Every structure is written in structure tokens, then in C-alpha cells.
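Below is the structure I would like to discuss, written out as C-alpha cells.
The values are calculated or read from the model by the stated rules, or taken from the named source; none is laboratory data. Nothing here was measured: the structure is a model prediction, and the numbers come from that model. A quick note on method: Cβ atoms are made from the backbone with ideal geometry, for glycine too, and the neighbour counts reach across all protein chains shown.
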Amino acid sequence: MRIFISGKITGTKNYRRKFKRAERRLRRSGHQPVNPAVFPEGWAHDQYLYITLAMLSTCEAIYMLNDGDNSLGAEAEKQLAKELRMPIFYEGEGILCKD
């Protein structure tokens, strides 16, 4: 399953490490993670969001990191996932099993 990783990036130190950890966890579980924490720094927030929403729309599910409730971007991604009727998985719910 292609799964988009969502969480707080803006104002978070070491966010790339946190997203990479989630990417490895999903890959070990047999999924194809889509990691939005790979873009260069310095773009405007709305530029990142435009691209991440497009990335999310190509996925089959979303994986919400624990700090996603404190992020406008992650909340927008979660809302789009709901509108697209995607499964929403949350960090800490255990390892996802491959379908």
C-alpha cells in the first residue's frame, strides 16, 4: 500500500530524521512510503502544502505522526485524506501489516 507520511515540519528540529524513521517502519511492514520531508528548505509554506497535497492524492492511505495535531499542513493533509475516504493510520497504533 502506498502510504503518505504526515506530521509537523515547520519549526521542528530534526524533522527529516523523524520522517525517515516512519518511512523505514512502513517499508519494513511491506508498504511503499511517500515521504514529504525531502524538499529543499526555503520555500513558502503554501508552496510545500500544494505539493504535499498532490503527493497525498496519489496514495492509498495516510500515516499521521504524533505531532500532526500541532500542524496546519498536517491537518490539511488529514482533511484531504478524509475527503478522499482514505484509511488514516496513527503513529503508536502498532506496525501496519501489508494487505
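I'd like the residue in segment 43-74 that is modelled with pLDDT under 95 and of a type in the set (D, E, K, R) and, out of all such residues, is farthest from HIS31 (Cα to Cα).
Looking at residues that are modelled with pLDDT under 95 and of a type in the set (D, E, K, R), I get ASP46.
Based on what the data block shows, is GLY7 free of Cβ contacts under 8 Å to residues at least 24 places away in the same chain and small (Gly, Ala, Ser)?
Values: free of Cβ contacts under 8 Å to residues at least 24 places away in the same chain: no; small (Gly, Ala, Ser): yes.
No.
Residues in segment 2-15 that are modelled with pLDDT of 95 or more and over 16 Å from ALA76 (Cβ atoms): how many?
The number of residues fulfilling the criteria is 2.
Just checking, does segment 31-51 include any residue being in a helix (DSSP H, G or I), aromatic (Phe, Trp, Tyr), in contact (Cβ under 8 Å) with a residue 12 or more places away in the chain and more than 15 Å from GLU91 (Cα to Cα)?
Yes; the residues of segment 31-51 include at least one that is in a helix (DSSP H, G or I), aromatic (Phe, Trp, Tyr), in contact (Cβ under 8 Å) with a residue 12 or more places away in the chain and more than 15 Å from GLU91 (Cα to Cα).
Also, quick follow-up: Which ones in segment 1-21 are among the small types (Gly, Ala, Ser), surrounded by 21 or more Cβ atoms within 10 Å (Cβ to Cβ) and either out of contact with any strand residue (DSSP E or B) (no Cβ under 9 Å at 6 or more places or on another chain) or not in a loop (DSSP other than H, G, I, E, B) (or both)?
Step one: filter segment 1-21 for residues among the small types (Gly, Ala, Ser), giving 6-7, 11.
Going one step further and asking which of them are surrounded by 21 or more Cβ atoms within 10 Å (Cβ to Cβ), we end up with 6-7.
The answer is SER6, and nothing else.
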